Amino acid sequence: MTPTPVLDTRGYSFWYGATQALHDVTCLIPRRAVTALIGPSGCGKTTFLRSINRLHDLTPGTRHTGDILLEGVSVFAPGTDTVGLRRRVGMVFQRPNPFPKPVYDNVAYGPRLNALCASRELPDRVERALRQAALWDEVRDRLREPGTACRAGSSSGCASRGRSRTSLTCS
Ligand SMILES: Nc1ncnc2c1ncn2[C@@H]1O[C@H](COP(=O)(O)OP(=O)(O)OP(=O)(O)O)[C@@H](O)[C@H]1O
Ligand SMILES: [Mg+2]
């Protein structure tokens, strides 16, 4: 039996106001595989990715036709918990988008929100995450400074690792 694809896009079109950005997209994304969307700038890669976790809900004047099913269920189904959907469908943006909070709180945000560890374990978790991103040496003495000071285009690891790429993870 063929396993259900994790994502099933059916005749999906998308508009920013009068501008149509996606035209009748139909594709299956298999589970437990790395899938790349490749195309020229402006062809709609990010628009498609943002559709999957309904980030366009926050953009006035947008609309769509067609459907996107995550594990067999439409992400547009009435009553969909969009916060829960965005927990399952994560997105790594081309540019870093730090919250207007200290560096430490930016990194601790996810584990805190999801109660992933006891508060006494949080400092170790933050350090581990920053080491894994090769940012620890750069920010270890700046953990209380605003995360927004970490700008794209600077020599910071945030920027150099934020190459022109948007990716998506489904859990
Ligand atoms: N917020 C917006 N309002 C209006 N038009 C938009 C908006 N965002 C994107 N577009 C337009 O939609 C089309 C698709 O853009 P999109 O950003 O999805 O392309 P992309 O393939 O991700 O490009 P890139 O490779 O440069 O990241 C483009 O014509 C773009 O100008
Ligand atoms: Mg893009």
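The values are calculated or read from the model by the stated rules, or taken from the named source; none is laboratory data. On a predicted model such as this, the values are computed, not experimentally measured, just so you know. Note that each Cβ is placed from the backbone with ideal geometry, even for glycine, and that neighbours are counted across all protein chains shown. Protein only, heavy atoms only, side chains kept; ligands, DNA and RNA dropped before computing areas. Shrake-Rupley method; radii C 1.70, N 1.55, O 1.52, S 1.80 Å.
Before moving on, here are some points about what is shown:
- Folded to 0 to 90 degrees: helix 122-132 orientation relative to the chain principal axis, Cα: 70
- Amide hydrogen proximity for Leu7: with H placed 1.01 Å from N in the peptide plane, the residues at 5 or more positions away or on another chain lying under 5 Å are Ile29, Glu71.
- All Cα-Cα separations within the stretch 8-108 were binned at 5 Å from zero, giving a P(r) of 2, 10, 19, 24, 20, 12, 8, 4, 1, each value a whole percent of the pairs.
- The chain, accessible area per residue, ligands and nucleic acids excluded (1.4 Å, Å²): 64
- Applied to the stretch 67-75, the Karplus parametrisation 6.51 cos²θ - 1.76 cosθ + 1.60 on θ = phi - 60° returns per-residue 3J(HN,Hα) values of 8, 10, 9, 9, 6, x, 10, 4, 6 Hz, with x for Gly and Pro.
- For the chain, the carbon plus sulfur part of the accessible surface works out to 53%, probe radius 1.4 Å.
- 3J(HN,Hα) from dihedral phi, the stretch 11-21, Karplus parametrisation 6.51/-1.76/1.60, rounded to Hz, x for glycine, proline: x, 8, 10, 9, 10, 9, x, 8, 8, 7, 9
- Rounded tilt (10° steps) of 103-113 against the dominant C-alpha axis of the chain: 50
- Charge dipole of the chain about the Cα centre (unit charges at C-beta), most positive-ward option of Thr82, His56, Phe99: Phe99
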